[in-house]
Amino acid sequence: MTITLYALEGCPYCERVADRLDELGVEYERVPVEPLHSNRDEVKRVSGQRVVPVLVDDERGVTMPESENVLEYVERTLA
């Protein structure tokens with residue numbers, strides 16, 4: 001699997017991205033993250049920051065935070 005979505009349960013921005021990936025039939029791994037920013041070490045390691053959602057597309061070498069940017073990328077690249 002080349003797409004990974006780091007997402008916080010109940011985060012509306014994360015859910016928008018996950019919903020769109022599901023609608024498009026994109027296979028991805030969803031990695032749950034900790035609610036506290038200070039505990040999001042894996043997200044920080046991957047993206048350089050602790051905010052979610054973060055989409056990682058290993059096949060294309062892309063790591064992208066911010067839901068609007070991620071949605072635009074998904075539409076442009078994965079749809």
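The values are calculated or read from the model by the stated rules, or taken from the named source; none is laboratory data. Because the structure is a prediction, the values reported are computed rather than measured. Here Cβ is always computed from backbone atoms with ideal geometry, including for glycine, and neighbour counts include all displayed protein chains. Only protein heavy atoms, including side chains, enter the accessible area calculation; ligands, DNA and RNA are left aside. Shrake-Rupley method; radii C 1.70, N 1.55, O 1.52, S 1.80 Å.
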On the accessible surface of the chain, probed at 1.4 Å with all protein chains in place, carbon and sulfur together account for a percent value of 46
Heavy atoms of S38: accessible area, 1.4 Å probe, square angstrom to 10
80
Just to confirm the filter: which GluC sites (Glu not before Pro) across the range 37-79 are DSSP coil and have at most 13 other Cβ within 10 angstrom of their Cβ?
E59
For T77, solvent-accessible area (1.4 Å; no DNA, RNA or ligand), Å²:
50
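Could you work out how much longer the chain between R76 and E15 gets when fully extended? Use 0.36 nm per residue separation minus the Cα distance between them, nm to one decimal. It would help to have the intermediate numbers written out before the result.
Values: separation 61, 0.36 × 61 = 21.96 nm, distance 1.89 nm.
Gain in length upon complete extension: 20.1 nm.
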Accessible area of the chain divided out per residue, in Å², using a probe of 1.4 angstrom:
59
Amide H to amide H, which residues 5 or more places from A7 or on other chains are under 5 Å from it, using H placed in the peptide plane?
V31, V33
Over the chain: helical MRE at 222 nm, DSSP H runs n ≥ 4 each giving -39500 (n - 2.57), nearest 500:
-9500 deg cm²/dmol
Given Cα positions, please report Rg to Rh for the chain, the hydrodynamic radius being the Kirkwood one.
0.93
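Have a look at the DSSP beta bridges in the chain and tell me what percent are antiparallel, nearest 5.
65
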May I ask for the angle, rounded to the nearest 10°, between helix 12-24 and the longest principal axis of the chain, with both axes built from Cα atoms and the value confined to 0 to 90°?
30
Using the Karplus curve 6.51 cos²θ - 1.76 cosθ + 1.60 with θ = phi - 60°, what ³J(HN,Hα) values do you get for each residue of the range 54-71, in whole Hz, with x for Gly and Pro?
10, 9, 10, 10, 4, 4, 9, x, 10, 10, 9, x, 6, 4, 5, 5, 5, 4
